[in-house]
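*Asks:* Below are the structure tokens for one structure; questions will follow.
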Amino acid sequence: MRTQLLAWSLVLASFVTAVALPSVVFAVEPVVVGPIHEEGRERFANCKGFTILDEYVLDYTLRQFFDQDGRLVKMEETVSGTDTFINSKTGKAIAAPFHNNVLIDPQTRFGANAGVIFKVTVPGAGAVFLDVGRLVTNQAGTEITFEAGPHQFIDGDLDGLCAVLAGNP
């Protein structure tokens, strides 16, 4: 779910822009949408012998910035919450809080995510799953144009997370 947040944000931003644009033509203050709260549970990944479930709590706020002619020039999104990764067979769970910001270019529909996307640390083992830093993607999240920092989720490196949830830190 959270990996699709940027795509949903752009859809939401497009809708809000279409509805709110007439009222912000002379606005210099940003239009704020949210905070929006979501919760859910999804299949996250497959490990040997079990599935990782992601029980997430997510809060985000979108700010839209317009020029003096009423044209949308920038969108900023603040995102925070907690992922709880769960072993589908044993029920073992690890909570992982996150916080990041997304800058969205309304013309190109590319978003730059900076901060913690996923961060799982375990006492005695340290960081076992990191997706942090900066990531620039298209609206669908299918085209990455820039990547800085470790991005284990994006790179498909789930070995550490699978090991910890299997009970082998």
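*Asks:* Quote to one decimal, in nm, the extra length available between K92 and D155 on full extension: 0.36 nm per residue of separation minus the C-alpha distance between them.
*Replies:* Taking 0.36 nm per residue and subtracting the Cα distance, the gain is 20.3 nm.
*Asks:* Applying the Karplus parametrisation 6.51 cos²θ - 1.76 cosθ + 1.60 with θ = phi - 60° to the phi angles of the stretch 96-109, what ³J(HN,Hα) value in whole Hz is obtained for each residue in order, glycine and proline being reported as x?
*Replies:* 9, x, 8, 7, 8, 10, 10, 9, 10, 8, x, 7, 8, 6
Each reported figure results from applying straightforward, stated rules to the coordinates on display, with no laboratory input. Please read these numbers as outputs of a predicted model, since none were measured by experiment.
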